[in-house]
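The block underneath contains the structure these notes are about, expressed in structure tokens.
The values are calculated or read from the model by the stated rules, or taken from the named source; none is laboratory data. Everything quoted here is computed from the prediction, not taken from an experiment. Here the Cβ positions follow ideal geometry from the backbone for every residue, glycine too, while neighbour counts run over all protein chains shown. Only protein heavy atoms, including side chains, enter the accessible area calculation; ligands, DNA and RNA are left aside. Shrake-Rupley method; radii C 1.70, N 1.55, O 1.52, S 1.80 Å.
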Amino acid sequence: MATTGNNNLNAKLVLLGDMGAGKSSLVLRFVKGQFLEFQESTIGAAFFSQTLAVNDATVKFEIWDTAGQERYHSLAPMYYRGAAAAIIVYDITSTESFTRAKKWVQELQKQGNPSMVMAFAGNKADLEEKRKVTAEEARLYAEENGLFFMETSAKNATNVNDVFYEIARRLPRAQPSQNPAGMVLVDRPADRSQAAKCCS
Amino acid sequence: MFGTRDMSHEFQPIMQYYRPSIHTRRANIVVKFQDLYGFTVEGNVDDVNILNEVREKVRQQGRVWWALEASKGANWYLQPQTPPLSEGISAASRKLSALANTIALKRLIRKGIPPILRPKVWFSVSGAAKKRSTVPESYYDDLIKAVDGKVTPATKQIDHDLPRTFPGHPWLDTPQGHASLRRVLVGYSFRDCHVGYCQGLNYVAALLLLVMKTEEEAFWMLAVLLENVLVNDCYTDNLSGCHVEQRVFKDLLVKKCTRIAAHLEAMEFDVSLVTTEWFLCLFSKSLPSEMKEDELLMASQVGDVLSILHRTTHHLYDPDDLLTVAFDKTGSMTTNTITKQRKKQEPAVMAELDQRLRRLNSLKMDDKSPVSPRE
């Protein structure tokens, strides 16, 4: 849940979606500005944090990037419990991932925190030639369900930061700010890279 | 250190204050190198020194193993596949010597198996050798031939994960590495269709390939782990075994590390958020070492807890540190205790998962949308 202290907000954010939809890549792009063609598959979930300044407040996101394989579904409640925001990710080149994403939306609507800010992200927008899910269809679905929708590309950075800014802007605050413009990214040293290590 | 024991106690806080600054200076020099299994390790000068000490210890251990091979025979530690049928004194003395070997072996293993002997010792001690001996010699080759070219949901997911398993590793991330890992995982997905493929196994199988050197032995190690060593249903369907393990772990944490457990509880931090990965990858991606109790107790934010845990799980250079925690600090914990704990937690897990399933089914009925294809 989002907790406030002066103008600083801590917000738990969870990413959900089918395996390979690009959840980890979106986070990596947002947190470190990087993109890896082959991102290590996430097991359980991975944690990241990133702070954004929106208007005169800062939002510190505590991001849980979850594993996408269907059988990991039973672990998900532990990650979305108490989350202030969620990004439900699908891959625009996969109708299966779109179906999966809709199921996540349903589950969050029933089980999640009622004031949760939900973003619906159609990732891999750079793969236009392989597109299977139209932006119109997704937008309509998002509107019907009260989510905000964006097509993103972690690969070429399209709309990635924007999704997080929009969430930060929409998070409920103790003292809502009146001036809507002007968002600044707070400079923060990048976390040490997570090198693969072996137990030997 | 200064010769007066009482003084040193008084000086301690100051010492601790100064030591990090020296450490920080040295820590600035980052050294990159490959470890025994080809993983790139990054560390500072102190880490390199520790690693060199560990290497020397392993070399010394190697000499102990060779000496034992010389006196007891090359395969003294291999477990007999069927107990020899004999009578009287010879049987009793054989039993006794087998017992002595078992005790000696346990002690030796805890001091480290020389890397070159690991494939043989792991294969035997894990029970993989016994498992393979129950099927025809050609089992693995036949299986791989039989499943070649078949496409299933599991094979699709495996293909998706091959380049995402320890990417950048000098062997795993090559066409040969991918092909080997694929055969092991695809082969296993057909051997046990309840498991099929579960993410996490890619890391386990990859590490087994690196240690065991041959695909077939890696395959049998994977089989014995899933079928005999680990708790049931760790990787199937709804990961119920994994849920059981998490509950057991949390229960033990409360008993063994009361202060940490209470502190995390007060922060409303569910430790499973982090430990699930440890268990599902069998510690191949992260291996916790020291407990860092003081640091954890100081942490007041989730992010701080996670960065402490991340640091300790990605910074193990001396395996003896882990063994000290496991056997000296944590105290006695037998397999029996853990088995009992698992039995105790099973019903609660089953009830919870069942309830969840019913809730999700009611969601589906609300939606009236067709059920999407299962993975």
Among residues of the stretch B:124-160, a drop of 10 Å² or more in 1.4 Å probe accessible area, assembly relative to the chain on its own, occurs for B:157, B:160
Got the relative contact order for the stretch A:3-185 handy, in percent, Cα pairs under 8 Å and 6 or more residues apart?
-> 26
Listed pairs A:23/A:110; A:103/B:343; B:72/B:130 exceeding 24 Å between Cα atoms | A:103/B:343
Along each of its three principal axes, how wide is the spread of alpha-carbon positions in chain B, in whole angstrom units, largest first?
-> 71, 70, 46
Given +1 on the Cβ of Lys and Arg, -1 on the Cβ of Asp and Glu, and no further charges, what dipole in debye does the stretch B:70-184 carry about its Cα centre, rounded to the nearest 20?
-> 560
Run the numbers on the stretch B:190-243 and let me know its relative contact order in percent, using alpha-carbon pairs under 8 Å that are six or more apart.
-> 33
Ranking B:118, B:311 from most to least accessible area with a 1.4 Å probe gives B:311, B:118
Kindly point out which whole DSSP H helices in chain B project their C-alpha atoms 15 angstrom or further along the helix axis while averaging a Kyte-Doolittle hydropathy of 1.0 or above.
-> B:201-212
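Considering Cα pairs under 8 angstrom that are at least six residues apart, work out the relative contact order of the stretch B:139-229 and quote it in whole percent.
Working: 78 pairs, mean separation 25.0, N = 91.
The normalised contact order for the stretch B:139-229 reaches 27 percent.
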To the nearest 20 debye, what is the magnitude of the charge dipole of chain B about its Cα centre, counting +1 on the Cβ of each Lys and Arg and -1 on the Cβ of each Asp and Glu?
-> 880
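By its C-alpha gyration tensor, with a ≥ b ≥ c as the square roots of the eigenvalues, how is the stretch A:129-177 shaped: rounded for a/c under 1.5, else prolate for a/b larger than b/c, else oblate?
Values: a/c = 5.26, a/b = 1.55, b/c = 3.39.
Oblate shape, in that a/c is at least 1.5 and b/c is the bigger or equal ratio.
Please give the total accessible area that chains B and A bury against each other, computed with a 1.4 Å probe and expressed in Å² to the nearest 100. Spell out each step's value before the answer.
Numbers: alone 23620 and 10700 Å², together 29840 Å².
So the total buried area for this chain pair works out to about 4500 Å².
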Residue B:318: accessible area at probe 1.4 Å, nearest 10 Å²?
-> 30
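Can you pull out the GluC sites (Glu not before Pro) in the stretch A:1-92 that DSSP calls coil and that have at most 11 other Cβ atoms within 10 Å?
Values: sites: A:37, A:40, A:62, A:70; in loops: A:37, A:40.
Answer in residue order: A:37.
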Using a cut-off of under 20 Å, list every residue of the stretch B:247-282 whose amide N is near the label point 7 Å from the Cα of residue B:340 along the Cα-to-beta-carbon line.
-> B:247-258
Taking 0.36 nm per residue of separation between residue B:159 and residue B:190 and subtracting their Cα-Cα distance, the length gained on full extension comes to 9.7 nm
In nm², the average projected area of the convex hull spanned by the Cα atoms of the stretch B:40-124 is 6.8
Could you do me a favour and compute the accessible area per residue for the stretch B:40-124, 1.4 Å probe, result in Å²?
-> 66
In terms of the charge dipole of chain B, which places +1 on Lys and Arg and -1 on Asp and Glu at the beta carbon, the residue among B:187, B:135, B:350 farthest towards the positive end is B:135
Rounded accessible area per residue of the stretch B:240-365, 1.4 Å, Å² | 52
Residues losing 20 Å² or more accessible surface upon assembly, the stretch A:41-64, compared with the chain by itself, 1.4 Å = A:41, A:43, A:47, A:60, A:62, A:64
